Every structure is written in structure tokens, then in C-alpha cells.
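Inspection log for the structure reproduced underneath, given as C-alpha cells.
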Amino acid sequence: MNRPTRTRSRTTLTDMAYTSIEHMIIHGEIEPLTFVSEADFMEWTGLGRTPVREAVHRLARERMVEIHPSRGILVPQVSVEAELRILEMRRVLDPLAVQLACERSSIEERDDMGQLAERLKTEEFTLDTYSETVRQTHGLILKASHNDYLQDAMVPLQNLSRRFWTAHVVDDSEVRTGAKLHRDMLTAITEQDLTGGEQAARQLNEYLVHFAQRIVSG
């Protein structure tokens, strides 16, 4: 008997608030160690108290913010040590996601990945626009894995890792390197190349580990 899977609901106001606030945090629009309030987020997003509050609690569960009842909402500092612990998880889960996507992706999903891979090959990205393609890349792969539990586990890890990388990039060459590594993963999945896809996922994580270690060494 096939196990029933959970279905994702349509985009809600809470989803909109979550995406908007997360973007502010990842792209450094709110400085680390800054306290903000729900009212601040309501003003910045143009959304009401309930969706903002629900989004903030979701971000707190994912360790993007910390809620301090007496002081407000803290955007915590990005930590090299935390990033390396996150990558311990991603080095296992990213290849699994790629493997499942190779095995389970539909023709339409592979077409979407092929189009994004072509963009990663031909377009010139700013750090901001590239960071959004990273979100899209992982979103497409996780969707194509057809495992909601894996998606729930990986999205917070990938977002925290993306925040760390975005905060520390100082050279456009990092964007070009990242674009190639993500393109290799997408291309392997479009070709249903399981071995190549797992190798590409491992290479991406090796790069991210070396990137974090370079931050430590200065």
C-alpha cells in the first residue's frame, strides 16, 4: 500500500510574510544582533499582525530569529561554527535529495531544472539575484524529490547556510563558482545521472566547507 503524502497548501499571507522577512535577513537588510519588533515587520512587509507573528515563529523554529519577550525579536549573528555543523547535515542530505530527484522527477520538473541550469550558465548575476537562484535551485530539487519530510528538514539548513555564504562573499568569483556547482547538480538531474548528481552535491558541500574554513583563517 502506498503511504499517503502531505500536500502543500497554496501561498498564504503567512508565506508572504515569511519570504519577505527571510529575504531581509539573508541579504543583510537587518544587521545581526539587531532587535526588531512585530510592528517593524508589519511596516516593512505591509502585512498584518497575524501573518507576521506566524512567520516570525516559523523563522524562530528555523533559527533565523530569536524571540525575547521582554526585548523583541533578535536577528542572531552568523557563526562559522554553526555553518560547519549545518554542513555536516547537508553533506548527507543534499546527495540524498539529488538521488531522489534523479529517480522521481517528472519531465516537467526536469524541464524547469534545465531552464534554470541554462540561466546559471549564461546570465551575469549580482550577489542578490544569484542568492535567489540558489533558493530556486534547492526548491526545484526538493520538490522533485517528492519527499515532504526531507524538504521540511532541509529548507532551514539551506537557508541558514545561504545566509552565512551571502554575508561573507567579497569576490564575484564566488558567485561564478557557486553558479557552476549548482548548474552541475541541475544538469545531472535533467539527465537522470545519479552518479554525477551525487558527485555534484558532494562537490558543492566541499566548496562550502572550504569557504567557511577560509572565513576562520581570515
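The values are calculated or read from the model by the stated rules, or taken from the named source; none is laboratory data. Quantities reported herein were computed from a predicted structural model and do not represent experimental measurements. Positions of Cβ are backbone-derived with ideal geometry, glycine not excepted, and every protein chain shown enters the neighbour counts. Just the protein is used for accessible areas: all its heavy atoms, side chains included, with ligands, DNA and RNA removed. Shrake-Rupley method; radii C 1.70, N 1.55, O 1.52, S 1.80 Å.
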Selected residue (only one of VAL209, VAL169 is modelled with pLDDT of 95 or more and over 18 Å from GLU103 (Cβ atoms)): VAL209
So for segment 39-62 (the condition being open to solvent by less than 40 Å² (accessible area, probe 1.4 Å), at pLDDT below 95 and within 17 Å of the chain's Cα centre (by Cα)), does at least one residue qualify? yes
Among residues of segment 167-199, those that are without any contact (Cβ under 8 Å) to a residue 24 or more places away in the chain and crowded, with 17+ Cβ neighbours inside 10 Å, counted: 2
I need the full set of residues from segment 78-104 which are open to solvent by 60 Å² or more (accessible area, probe 1.4 Å) and of a type in the set (Lys, Arg), in order please. ARG85, ARG91, ARG104
Out of ASP184, ASP171, ASP193, sole residue that is touching a Gly at 6+ places or on another chain (Cβ under 8 Å) and either under 20 Å from THR133 (Cα atoms) or among the acidic types (Asp, Glu) (or both): ASP184
Just for segment 118-166: of the residues that are among the small types (Gly, Ala, Ser) and open to solvent by 10 Å² or more (accessible area, probe 1.4 Å), which one is farthest from CYS102 (Cα to Cα)? ALA153
Filtering segment 105-117 down to residues that are of a type in the set (A, V, I, L, M, F, W, C) and open to solvent by less than 80 Å² (accessible area, probe 1.4 Å), which residue is nearest to ARG183 (Cα to Cα)? ALA117
Tell me yes or no: at least one residue of segment 23-32 is at pLDDT below 95 and open to solvent by 90 Å² or more (accessible area, probe 1.4 Å). yes
